[in-house]
Amino acid sequence: MINEEVTHLFKALSHPTRVDILDLLKKGPISTGELSEQFDVSRYAIMKHLTILEEVHLIVVRRQGRTRLNFLNIIPLQEVYNRWVSKYESKMATSLTNLKTKLEAGGTEFMKKEISSFQIEQEIEIHAPVEGVFQSLVNDINNWWEFRLHAENSHLTLDATVGGFFKENWGNGQGAIWGTVLYYKENEEIRLQGLLGMTGAVNSHYGYVLENKGNSTIVKLSHSAVGLLDPNWEEAHSKGWTLLLNNLKEQAEKQ
């Protein structure tokens, strides 16, 4: 099954137009109409290319009113990288760890922030039933959520009730809140509000939607933030989410 998915992925990447579409989406989400204007082919042809990319999860489609927005989903490419490349490289510091260092530096970094926003959309297919994936997401979060604010004696818990906390416990009543649950529907969806490494005047929401796909589960991640944002935060969080969703996949599939 996994080898078949990789074969389909490489087939999707074999057409230069589809590669060009992915290059354009690196800059941010683009509507289908705007994408069509970038190519000297019909809108129908572009729609066919987008369908192929969506089928292998290289793009994620979200609708805003009558507009279809296309987002780059880097998770399948990361999985290919992990399979053939990463084992030959030394493990580098993760993006959110680098972000934490920048934030702690303070000073001129704060002056680079400006009022802006970002929206991250990612999807991953996990070869496990919805119920098992949801339980891994909620109950096993300490095992797959890699990032910590306090390295020693740190334990993560997610109180999966409306108003409950996604919390990092350091012991002796000390810790930090990573998020507050705003919406919870078992085995289907959970939404939270939390800064996730960002500081200052920022409003940040993230959530997961789970959909059944035969014997597998599609996990859809959405993260939006608006406020005084550092220019590097969107890229850092996009890479961080890719790592976390792959960790969740590994955790859920071994159950």
(message) Looking only at segment 216-245, filter to residues that are over 11 Å from the mean Cα position of the chain (by Cα) and polar (S, T, N, Q); which one of those is surrounded by the most Cβ atoms within 10 Å (Cβ to Cβ)?
(response) T217
(request) Tell me which residues, restricted to segment 246-255, are out of contact with any Ser or Thr (no Cβ under 8 Å at 6 or more places or on another chain) and crowded, with 22+ Cβ neighbours inside 10 Å. (result) K249
(request) Only one of these is on the phi > 0 side of the Ramachandran plot and either surrounded by 16 or more Cβ atoms within 10 Å (Cβ to Cβ) or modelled with pLDDT of 95 or more (or both): H49, H57. Name it. (result) H57
(request) Would you tally the residues in segment 194-215 being open to solvent by less than 60 Å² (accessible area, probe 1.4 Å), in a strand (DSSP E or B), out of contact with any helix residue (DSSP H, G or I) (no Cβ under 8 Å at 6 or more places or on another chain) and not polar (S, T, N, Q)? (result) 4
(message) Show the residue pairs meeting these rules: Cβ distance below 7 Å; 6+ apart or different chains; first residue within segment 17-31 and loosely packed, with under 14 Cβ neighbours inside 10 Å; second residue among the small types (G, A, S).
(response) none
(request) Give the residues of segment 64-79 that are open to solvent by 30 Å² or more (accessible area, probe 1.4 Å) and either under 14 Å from I120 (Cα atoms) or under 18 Å from the mean Cα position of the chain (by Cα) (or both), sorted by residue number. (result) L72, I74, L77, Q78, E79
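The values are calculated or read from the model by the stated rules, or taken from the named source; none is laboratory data. Please read these numbers as outputs of a predicted model, since none were measured by experiment. Every residue, glycine as well, gets a Cβ built from its backbone with ideal geometry; the counts of neighbours run over all protein chains shown. Each accessible area value is taken on the protein alone, full model and side chains, heavy atoms only, with ligands, DNA and RNA left out. Shrake-Rupley method; radii C 1.70, N 1.55, O 1.52, S 1.80 Å.
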